[in-house]
């Protein structure tokens, strides 16, 4: 009789320990997943800021009648493409994040062409409204880089956590999947050629 009570006590103790382990790990995974979602929201926030600046920039540039219409059209189309891709923080897999990055890179490229074209218009370059918008756009690009780096840090922390033993077992049971990272664009990986 005494042995059965000891065995029962050991079984109950093991059940409580397993429950505490699963509960604690699950709650930590949820917390880290929420951190990834919150940081993704910050990334989207700064990208949205850039998208919101573009109509003002385009309208300022449109005021110069002889400005290249094709360049403005490319910026507007790239903005439309970038806003059409919606990414949910819950399914940040590499394919979806890559699609998002490609759309944003297309917008960055169109904006770069616009700003290079502006060099040919001294009156536009001197326009105070344009200069302020250009400064805001440059500041936003810096914010994007910072928020992307922060996102990668939070995603790395989450991914590391769910891959460690025995947390990886719980992650598989509860369907916690790895999050994708922002990666450098292909153009950024090329070594620039400097010629004198």
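The values are calculated or read from the model by the stated rules, or taken from the named source; none is laboratory data. Every value quoted in this text rests on a predicted model; they were computed, and no experiment measured them. Backbone-built Cβ (ideal geometry, glycine too); neighbour counts: all protein chains shown.
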Practice item. Please indicate, with yes or no, whether at least one residue in region 41-64 is out of contact with any helix residue (DSSP H, G or I) (no Cβ under 7 Å at 6 or more places or on another chain), over 16 Å from residue 138 (Cα atoms) and part of a loop (DSSP other than H, G, I, E, B). Key: yes
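Go through 36, 61, 22, 46 for me and flag whichever is surrounded by 16 or more Cβ atoms within 10 Å (Cβ to Cβ), in contact (Cβ under 8 Å) with a residue 60 or more places away in the chain and farther than 20 Å from residue 106 by Cα.
Values: 61 fails: farther than 20 Å from residue 106 by Cα; 22 fails: surrounded by 16 or more Cβ atoms within 10 Å (Cβ to Cβ); 46 fails: farther than 20 Å from residue 106 by Cα.
That would be 36, the only listed residue that is surrounded by 16 or more Cβ atoms within 10 Å (Cβ to Cβ), in contact (Cβ under 8 Å) with a residue 60 or more places away in the chain and farther than 20 Å from residue 106 by Cα.
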Study note, to complete from the structure: When residue 29 is run through (1) crowded, with 17+ Cβ neighbours inside 10 Å; (2) more than 27 Å from residue 179 (Cα to Cα); (3) over 19 Å from the mean Cα position of the chain (by Cα), the failure sits at (2)
Study note, to complete from the structure: Checked region 101-129 for anything surrounded by 16 or more Cβ atoms within 10 Å (Cβ to Cβ), in contact with a helix residue (DSSP H, G or I) (Cβ under 7 Å, 6 or more places away or on another chain) and over 22 Å from residue 47 (Cβ atoms); matches are 117, 118, 124, 127
Review point. Given the conditions (1) under 30 Å from residue 175 (Cβ atoms); (2) modelled with pLDDT of 80 or more, which single one is not true for residue 107?
Key: (1)
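Is there a residue being in contact with a helix residue (DSSP H, G or I) (Cβ under 8 Å, 6 or more places away or on another chain) and at pLDDT below 85 anywhere in region 90-98? Talk me through it step by step, then tell me what you get.
Within region 90-98, the subset in contact with a helix residue (DSSP H, G or I) (Cβ under 8 Å, 6 or more places away or on another chain) is 90, 92.
Still in the list and also at pLDDT below 85: 90, 92.
Yes, region 90-98 has at least one match.
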Check your understanding: Can you spot a residue in region 71-87 that is farther than 30 Å from residue 128 by Cβ and part of a helix (DSSP H, G or I)?
Key -> yes
